[in-house]
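S.K.: Take a look at this one; I'll ask things after.
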Amino acid sequence: KSSKRDWKPLEDHSCTDVPWLLLFILFCVGMVTLFCGCFFLPLLTFHGYSVYIHLFLQINKLIRFNSGLDLTHKKYVFFLDPCNIDLVHQRIKSLALCVSACPRKELKTLADIQKFAETNGSTLCSYELQPSEYTTDPRAAKLCPNYPVPESAPIPFFHRCAPVNISCYAKFAEALITFVSDSSVLHRLISGVMTSKEIILGLCLLSLVLSMILMVIIRYISRVLVWILTILVILGSLGGTGVLWWLYAKQRVSASAVDTQIAKDNLQALLVYAISATVFMVILFLIVLIMRRRVALTIALFHVAGKVFIHLPLLVFQPFWTFFVLALFWTYWITVLLFLGTTGSPVPNEEGFVEFRMVGPLKYMWWYHIVGLIWISEFILACQQMTVAGAVVTYYFTREKRNLPFTPILASVNRLVCYHLGTVAKGSFIITLVKIPRMILMYIHTQLKGKENACARCMLKACICCLWCLEKCLTYLNQNAYTATAINSTNFCTSAKDAFLILVENALRVAAINTVGDFMLFLGKVLIVCSTGLAGIMLLNYQRDYTIWVLPLIIVCLFAFLVAHCFLSIYEMVVDVLFLCFAIDTKYNDGSPGREFYMDKVLMEFVENSRKAMKEAGRGGVAEGRELKPM
């Protein structure tokens, strides 16, 4: 009798893990409720407040001296010393006042500040000074801004006067880059970035194009690349071992002439290194010998993955929509975080001024907000994995490729939304449960840096490392569980168990794909980064105005690596899905009538070559004599 365990791909679809979908929806409702609760509190993020606790755009109540004024016509925050950064608390250490307009040109003297106040009605000094007293009252030196007052412009939506001069932004960056000792270097770096922004943008587009081209041609160079890599590793191990033994022999001859303790220690160390390298070389040779057929499978899977991208071109655009959705969510999350950080009740601080502080249950809600950041971000990434898995599964288990849906990607998205959102929510929650303790331990390690003893530091690092390894293993298992769900439409736990059993049965093949394949993709990332960096050096060489090229090149190379990682991660995802489908296909089908293979012709050749090799070795069975006919 047919059952789910028979792996009947794409035959029926049913909703999976519905309770987890309901739990995720309730959690998202809580996130929206938190946003609404912060939104209806005083909008300090958008409207701002002065150190005397004036809320802009409304009439204020009296809390302390200089508060309670009607400042409905003064809607901007003006800092008396906007470039004075508190590096410890990472904030602007300056008095903040309510003004009606930002100074749009530099004010060099108190007379200019007075003229600006009389002309625009915007008083830039503290409220107890009248504009007529700016040049006569001795208190103006403390109650007025430091001059020259830099030109500033209001930030859209946030009503803050921000300096236009780039040197002030460099000082803002120093609040985050505390290890920079020479601020002039940082100023030149940021100046180089601003003046080379067109070149940076062009190089970023170049890295995008190179990544897309590499995804197309990697199917043709995979065989050559794998064997070149294998030969280079073997030659490198042979050469390293030979050099160590040569150095040992040379040192032994010289040590016989100079009988000192240092010479003996060096000779002993070289002997240990040479023996270790020899053992490593032998082990490496054995691994290559055992896994050579698995390397052939990796090459075949990469070749088929290239065909998948030809039949499913929309797979290339998966990183775009995923990044777009993540960017929208992160923008929403940061907005709510700003609301959380600037809401609360007015409380006098240590300096005698008044600031808003969260009191009651609201001050604990940022924990809920952080969990939401991790869970929903992982949920979005898991949706991408499920979408890719569903599309590749449809491609693999469709015998006639002419019968593929018009857009398999959209069909996969439709199945995800209709049936499997609960599975994605459960898988992403498991990753969240591992990420949160690791982040807490990393925070504790950062806070205790230099204070804890060596034993505690070692234990913290060991725990962080173990949680990181667990997270990577669970991420890989989740991805295969999503593939099993796309094939059989089973819930998360059942799919994870079935996928785990398949992976265990093919452990050596998994090891080959995750070593050789991942290293191939890593070489592709290095190629894109190096090509983009070289193009950047050649372009910047024709621009003589740049004093320092380091930061523009670092930005370009980091972006190139990020783009290459996003695109080649999709390629890696496709290879992993193809491998699980291939393992299921070879386990439950043998090529006989009624149990024909689904696999591509390239994979069929790999299976047939493997059976011929087994037959020649005398280990063939009855099924080995069958002719394999691809459908």
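The values are calculated or read from the model by the stated rules, or taken from the named source; none is laboratory data. Worth saying up front: this structure is predicted, and the values here are computed from it rather than measured. No Cβ is skipped: glycine too gets one built from the backbone with ideal geometry, and neighbour counts run over all protein chains shown. To get the accessible areas, we keep the full protein, side chains included, count just its heavy atoms, and leave off ligands, DNA and RNA. Shrake-Rupley method; radii C 1.70, N 1.55, O 1.52, S 1.80 Å.
S.K.: Step through the table entries 307/587; 105/197; 74/115; 587/612; 472/525; 142/197, compare each Cα-Cα distance with 29 Å, and write down the pairs that go over it.
M.R.: 142/197
S.K.: Suppose each label sits 7 Å from its Cα in the direction of the beta carbon; what would the residue 497-residue 232 distance come out to in nanometres?
M.R.: 4.5
S.K.: Considering every Cα-Cα pair within region 202-241, what fraction, in whole percent, is farther apart than 13 Å?
M.R.: For region 202-241, the share of Cα pairs beyond 13 Å comes to 65 percent.
S.K.: Right, next: If you take the beta carbon distance between residue 436 and residue 511 as r and set R0 to 41 Å, what does 1/(1 + (r/R0)^6) give as a FRET efficiency, to the nearest 0.05?
M.R.: Working from the Cβ atoms, E equals 0.85.
S.K.: Something else about it: If I ignore ligands, DNA and RNA and count only protein heavy atoms, how much of residue 443 is accessible to a 1.4 Å probe, in Å² to the nearest 10?
M.R.: 140
S.K.: Test of understanding: what is the full-extension gain from residue 29 to residue 139, defined as 0.36 nm times their sequence separation minus their Cα-Cα distance? If you can, show how the numbers build up before the last one.
M.R.: Working: separation 110, 0.36 × 110 = 39.60 nm, distance 5.28 nm.
34.3 nm is the gain from fully extending residue 29 to residue 139.
S.K.: With each pseudo-label sitting 7 Å past Cα toward Cβ, what's the residue 268-residue 472 distance in nm, one decimal?
M.R.: Spacing of the two 7 Å Cα→Cβ label points: 3.5 nm.
S.K.: Now for a separate question. If R0 is 25 Å, what FRET efficiency do you get for residue 287 and residue 590 from their C-beta distance, rounded to 0.05? Mind showing how you got there, number by number?
M.R.: Details: r = 30 Å, r/R0 = 1.18.
It comes out at approximately 0.25.
S.K.: Once fully extended, how much extra length lies between residue 323 and residue 276, figured as 0.36 nm per residue of separation less the alpha-carbon to alpha-carbon distance?
M.R.: Net length gain for the segment: 12.3 nm.
S.K.: Here is a further query. Which sequence of 438, 223 reflects their accessible areas, 1.4 Å probe, from the largest down?
M.R.: Values: 438 35, 223 145 Å².
Of 438, 223, the descending order of accessible area is 223, 438.
S.K.: What is the calculated FRET efficiency for residue 310 to residue 337, with r their C-beta to C-beta distance and R₀ = 35 Å, to the nearest 0.05?
M.R.: Efficiency computed from Cβ-Cβ geometry: 0.20.
S.K.: Another question about this same structure. Excluding ligands and nucleic acids, what accessible area in Å² is computed for residue 473 using a 1.4 Å probe, to the nearest 10?
M.R.: Counting only protein heavy atoms, the figure is 90 Å².
S.K.: Count charges around residue 464 for me, please; just the other residues with Cβ under 12 Å from its Cβ, Lys/Arg as +1, Asp/Glu as -1. Write out the running numbers ahead of the final one.
M.R.: Details: positive: 435, 438, 457, 461; negative: 471.
Local charge sum for residue 464: +3.
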